[in-house]
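K.L.:
There's a structure below that I have some questions on.
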Amino acid sequence: MSKIMIYTFDLKNGEYKSEHPAQVRPNGQPILNVVGGTPIAPPEKKPGYARVFRNGAWDYVEDHRQTRDKGGVIEEKSGTPYWLPGDTYQTQARYMKELGSLPEGALLVRPEKPAEVVAEEALAAAKNERASLVAKSTVVVDGLVFDADEESQNRLSRGICAALALGLTATQTTEWTLADNSSAFVTVQQMARALLAAGQYQTSVWRTPYTQQTTTGETSAS
């Protein structure tokens, strides 16, 4: 004789929980009258629905809740994210805590950002890209590759001022660290040309903050 199974359900919402063989009385009769259990087998699982026992029968009820793994961590992409009328693009996705259909008027797509916010974000991204281009830029003078970022422009300016203050002519040399971190003796004029080229490159980038730059960030000074 096959074992009779008892299918347990949550006493609060009737949701199916587990199953186990029915306990047996000393006379061999199975105990079928169990609180929170029934010998009636539930239907097969159905995606997006929970099996619920109520009014003496099993039924399918919509289930939009998130699920958790054995460690209690919410499983990625589980549940149905939704938003309500009046929510904004900044509103976090809502999730059902109980069984049942989504609230009336629920939106399954996050509200769009206002046009002005999209424009502001695009401008901020363009400025970040612009700053990145300048930060990694170099210029080439007579085959010598100089860093051309803003701090390097300041260093060049200070170096030129110091050289001139010490009476060096445009063709006299001073030691300088190049973009590859090697040292070279460069003329004051080469430093000035590098500074000019770096400033010109930065100006060209600053004029087009809304355009994706295609330059590699290196230019030459004649």
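K.L.:
Considering only residues of segment 23-59 that are of a type in the set (G, A, S) and under 50 Å from the mean Cα position of the chain (by Cα), which is nearest to L102 (Cα to Cα)?
P.N.:
G48
K.L.:
With R207, R193 as the choices, which residue is among the basic types (K, R), more than 30 Å from Q90 (Cβ to Cβ) and exposed (fewer than 15 other Cβ atoms within 10 Å of the Cβ)?
P.N.:
Residue meeting the stated conditions: R207.
K.L.:
I'm trying to understand the selection: among the residues of segment 102-123, which are open to solvent by 50 Å² or more (accessible area, probe 1.4 Å), hydrophobic (A, V, I, L, M, F, W, C) and either touching a Ser or Thr at 6+ places or on another chain (Cβ under 7 Å) or without any contact (Cβ under 8 Å) to a residue 40 or more places away in the chain (or both)?
P.N.:
L107, L108, V109, A115, V118, A119
K.L.:
While we're looking at this one, here's another question. Of all residues in segment 40-55, count the ones that are more than 21 Å from Y82 (Cα to Cα), of a type outside the set (K, R) and modelled with pLDDT of 95 or more.
P.N.:
7
The values are calculated or read from the model by the stated rules, or taken from the named source; none is laboratory data. All of these numbers come straight from a predicted model, not from anything done at the bench. Glycine gets a Cβ as well: all are built from the backbone with ideal geometry, and neighbour counts include every protein chain shown. We work out accessible area using only protein heavy atoms, side chains counted, and drop any ligands, DNA or RNA first. Shrake-Rupley method; radii C 1.70, N 1.55, O 1.52, S 1.80 Å.
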